[in-house]
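*Asks:* Quick one: the structure is below, and I'll ask about it shortly.
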Amino acid sequence: MAVEAGKAQFVQAMFTRIAGRYDLMNALMTFGRHQAWRRVAARATLLAPEGRALDLATGTADLALAIADVSPSRQVIGADFALGMLREARRKLRARPDARVALVAADALTLPFADASFACVTSAFLLRNLADLEQGLREMRRVARPGGRVIMLEITRPTLPVFASVFGLYFQRVVPVVGAAIAGDAEAYRYLPDSVARFLTPDELVVLMRNAGLRSVGYRRLGLGTIVIHTGVA
Ligand SMILES: C[S@@+](CC[C@H](N)C(=O)[O-])C[C@H]1O[C@@H](n2cnc3c(N)ncnc32)[C@H](O)[C@@H]1O
């Protein structure tokens, strides 16, 4: 995929704008299903060796907390480049002093971590936001230690014929209206379906993951085929 100039600044500003309403919008748009998908990703980290987890683009820290819930002894680092999202994450973590989650401001394309620092690297709903997807995948593999797991959750276009049309209508027409009403930001919630429409198919992403040096790459669909979880071994 081509490197997209100006995308990082656009994405960073957008998530900072919508941070306060981000969790509420997720709950509404997914009819409350979004945390179940993160729990599937969190359970996939149980196959990783012992050691620290890095949750990239942690946003409001929901996946970081889900990982802490399945592995209370594992240290989790949540990293994001939108300070507004990290502010919401910090607020949420104050209510969870038991969780071993620390937050770091960092860009997924130039991670401030040494090679082979983490037993697993996760992300939820990051990939289609990256200005340079290939570089993002290389960074995930670089900071994962050999044998460590890379686990990525993303929205994808469903393939079931009738459901795909209904979902397309809902996502393209209804979500931007709800986004305007609840988050006061129609642009952000038009960008969401557009970015999913433009993004790779799950099979195309498998090829890029292998090119980035990941092994045993595979995926499975969730949420009636609207969500996909890719896994690979560093
Ligand atoms: C759709 S939100 C997902 C947040 C969270 N993972 C979740 O499950 O709700 C996408 C997040 O990716 C972050 N992001 C996008 N590009 C990034 C980059 N290059 N480096 C770090 N964070 C990035 C955004 O700031 C935003 O918080």
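Here, each number is a calculation from the coordinates, and none is a lab measurement. The shown structure was predicted, so the numbers you read here are calculated from the model rather than taken from an experiment. We place every Cβ from the backbone using ideal geometry, glycine too, and count neighbours over all the protein chains shown.
*Asks:* Which numbered condition trips up Phe15, out of (1) closer than 18 Å to Lys92 by Cα; (2) outside any helix (DSSP H, G or I); (3) hydrophobic (A, V, I, L, M, F, W, C)?
*Replies:* (2)
*Asks:* Then there's this: Taking the stretch 18-31 as the search range and keeping residues that are assigned to a helix (DSSP H, G or I) and free of Cβ contacts under 8 Å to residues at least 40 places away in the same chain, which one is surrounded by the most Cβ atoms within 10 Å (Cβ to Cβ)? Break it down into steps so the answer makes sense when it comes.
*Replies:* Just the residues of the stretch 18-31 that are assigned to a helix (DSSP H, G or I), to begin with: 18-29.
This time we only want the ones that are free of Cβ contacts under 8 Å to residues at least 40 places away in the same chain, so: 26-27.
Details: Asn26: 18, Ala27: 13.
Among residues in the stretch 18-31 that are assigned to a helix (DSSP H, G or I) and free of Cβ contacts under 8 Å to residues at least 40 places away in the same chain, the one surrounded by the most Cβ atoms within 10 Å (Cβ to Cβ) is Asn26.
*Asks:* Evaluate the stretch 32-44: report whether one residue or more is small (Gly, Ala, Ser), within 12 Å of the ligand (Cβ to nearest atom), farther than 30 Å from Val177 by Cα and buried (at least 22 other Cβ atoms within 10 Å of the Cβ).
*Replies:* yes
*Asks:* Residues that are more than 15 Å from the ligand (Cβ to nearest atom) and out of contact with any Gly (no Cβ under 7 Å at 6 or more places or on another chain): list the strands (runs of 3 or more DSSP E) wholly contained in the stretch 83-163 that include at least 3 such residues. Write out each step before concluding.
*Replies:* Values: elements: 101-105, 118-124, 144-155.
Filter on the stretch 83-163 gives 144-155.
*Asks:* Further question: Within the stretch 197-234, count every residue that is within 17 Å of Gly136 (Cβ to Cβ), surrounded by 13 or more Cβ atoms within 10 Å (Cβ to Cβ) and aliphatic (A, V, I, L, M).
*Replies:* Number satisfying all stated conditions: 11.
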